[in-house]
Amino acid sequence: MDSKDPADQVEVTATAAPPAPNGASSSSQEVLQLSPTVTLTLGKDALLVAGQPLSKPCRSCGIGGLAQDTATPPAIDYYNILWAEITQDRRHLSIDFAEQTRPHFLAVRNIKFAVPALSPQYSPNCTSEDIPPWIERLLDLSYGSAARRKRAWVLVNPHAGPGNADKVWEKEVRPIFDAARMPLTVVQTKYSGEAVSLAQDINIDHYDIAIPCSGDGLPHEVFNGLARRPDACRALSKIAVCHIPCGSGNAMSCNLYGTHRPTMAALAIVKGVPTPLDLVSITQGDRRTVSFLSQALGMIADLDITTEPLRWMGAARFTYGFLKLAFQKRTYPCDIAVKVEIPHKDDVKAHYRQQVAQIGSETEIMRIKAQEGTANEIESSSENQSSTASEHGVGLPPLKYGTVMDKLPDGWELIPHEKLGNFYCGNMAYMAPDMNFFSAALANDGLMDLVTVDGDISPFKSIGMQLSVDSGRFFDSPLVNYRKVSAYRIIPRPESRSGYISIDGESIPWEPFQAEIHQGLGLTLSKKGVFEAPGPINWDKVTTTERLRA
């Protein structure tokens, strides 16, 4: 499979636009004339630069060796602007921004403009008192509803993926956070599972976000560490768990930021907006853990776990493992009980359409508030969400359906599956950069997306079905049973032999387990408050059934 970005088509670099009045306000608060030949204008979507700065912009922070002078762009997207300030000597206006210097890679650049002792004869449209309010307005437009200078707790797993996460962090990612003036506390993990105890013990009042630099295993550990705290609900709703992709799967970054490239993800975190995230309680025996990504039994779980030694291959390990398993046609007899909420694909698309429309309306309101400068209202709204999430109590919320050790809940039907090939339940859409298995997944709709596939289909049909994931047609495949559920229980049969059960890519014992979702229990940052996956094909089309119901 091609290890491509799911949203490489999204442009995040400065857009080249002429420094003209088009799209810019004529207000003196929008236009900063620093000299007769240098003007900075707050345009509709970008900062417009007319004239040359005091010095040419340079790639800073040690990226790619020595700094190199480059041309000043005529326009810099607000999304790419990291910071602006008057320098300590009060002589320069300094602006830091991220520029795409090669495909999928951002570098920090800085430009400085002289701030002379202004007089009406020298610059009749600007005084020194105009500059600080103009900078504040520039930062308002650049950050919108995103918080500035987020306090970050960074965990770096040097053994993630190909094994160079520590170098990626220092050389590529940290410069972006430093340029955005983010306070950083950096910890390098030494062994698997360490992040659970670290997250369990951190002072959550000292941080706004947690940033694992790893594959998807470290976010799993952070969520579970926060979940083990006596104040679990407050911790999970206060600390936004993010992700710098340094592993082989990198599903979390693909879903939240539309990329598996570290620098692109870093900028998305700088500009990310708080997004409540559904979490899933997994009970097995007397153990309770939480899942943020997926649960699998069958071929997908085998693929996830058995290819662990091939992590050096990156995402290609999944392609190799799938082709190897497809010809084995192994089945996994088990009994499955499910609490189905939306049973049919057309209804799943309708639900997706309704939720996206609602989120879009809320996002537009936040955007307008940000443009109007009502950031305090936005922050208060975020605090109210955190307060609401804490009403469950100090620890994890109680289980509505009990545990796997309890009697099967009323209304659940236990269905034997004699030839199960795949049981795959997702809380996010992408499971890897080119694996959009759960295209109708939503961040906080309180539902899991469940896929089941028979195991006795031919290898060629299995391969065709896998190719349909890449093309976006997996959801509509007649071989795929796709439902929205709120809970389920799986009981592997003795005759199914030993196998693998994967929770967020981590192996758990081959024993019965039960899952139950908690709407908006966790918190993360995303680009727009939704996943970056495109959704099922034709999800925005009204079906004949819906017309008849109208």
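The values are calculated or read from the model by the stated rules, or taken from the named source; none is laboratory data. Note that the structure is predicted; figures quoted are calculated from it, not measured. Virtual Cβ from ideal backbone geometry, glycine too; neighbours counted across all protein chains shown. What goes into the accessible areas is simple: the full protein's heavy atoms, side chains included, and nothing from ligands, DNA or RNA. Shrake-Rupley method; radii C 1.70, N 1.55, O 1.52, S 1.80 Å.
Give the peptides 179-192, 270-283 in descending order of average Cβ contacts within 10 Å, highest first. Please report the intermediate quantities before stating the final value.
Working: 179-192: 15.2, 270-283: 23.7.
Descending mean neighbour count gives 270-283, 179-192.
Filter Lys190/Lys527; Lys44/Lys527; Lys461/Lys484; Lys349/Lys528 down to the pairs with a C-alpha to C-alpha distance above 26 Å, please.
Values: Lys190/Lys527 31 Å; Lys44/Lys527 19 Å; Lys461/Lys484 24 Å; Lys349/Lys528 20 Å.
With Cα atoms farther than 26 Å apart: Lys190/Lys527.
Can you give the local net charge around Lys400? Use residues other than it whose beta-carbon is closer than 10 angstrom to its beta-carbon, Lys and Arg +1, Asp and Glu -1. Walk me through the numbers on the way to the answer.
On the way: positive: Lys339; negative: Glu516.
Result for the local shell: 0.
Residues with beta-carbon under 14 Å from that of Gln355, excluding Gln355: net charge, scoring Lys, Arg +1 and Asp, Glu -1?
Values: positive: Lys349, Arg353, Lys484, Lys528; negative: Asp278, Glu341, Asp347, Glu362, Asp445, Asp449, Asp540.
So the surrounding residues net to -3.
Pull out the extension gain between Asp347 and Ile537, defined as 0.36 nm times the separation in residues minus the alpha carbon to alpha carbon distance; nm, one decimal. List each step's numbers first, then the result.
Details: separation 190, 0.36 × 190 = 68.40 nm, distance 1.37 nm.
Full extension from Asp347 to Ile537 adds 67.0 nm.
May I ask for the distance between the Cα centers of the range 259-286 and the range 400-455, given as a whole number of Å?
The two parts, judged by their Cα centres, are 19 Å apart.
Could you work out how far the C-alpha centroid of the range 188-238 sits from that of the range 464-537, in angstrom?
The range 188-238 and the range 464-537 have Cα centres separated by 23 Å.
Where the accessible area of the range 408-518 is counted over protein heavy atoms with a 1.4 Å probe, how much of it, in %, is carbon and sulfur? Walk me through the intermediate numbers first.
On the way: 2120 of 3990 Å².
Roughly 53 percent of what the probe reaches on the range 408-518 is carbon or sulfur.
Quick one: which of 505-515, 216-226 comes out on top by average Cβ neighbours within 10 Å, and what's the full order, highest first?
Details: 505-515: 18.7, 216-226: 25.7.
Going from most to least packed, we get 216-226, 505-515.
For the range 152-252, what are the per-bin percents of Cα-Cα distances with bins 5 Å wide, up to the bin holding the maximum?
Taking every Cα pair in the range 152-252, the percentages come to 3, 14, 26, 25, 19, 10, 3, 0.
Let me check I've understood the local charge: for Ala337, count other residues with C-beta under 9 angstrom from its C-beta, Lys and Arg +1, Asp and Glu -1. What total comes out? Don't skip to the answer; put the middle values down first.
Values: positive: Lys339, Arg489; negative: Asp335, Glu413.
With Lys, Arg at +1 and Asp, Glu at -1, the neighbours total 0.
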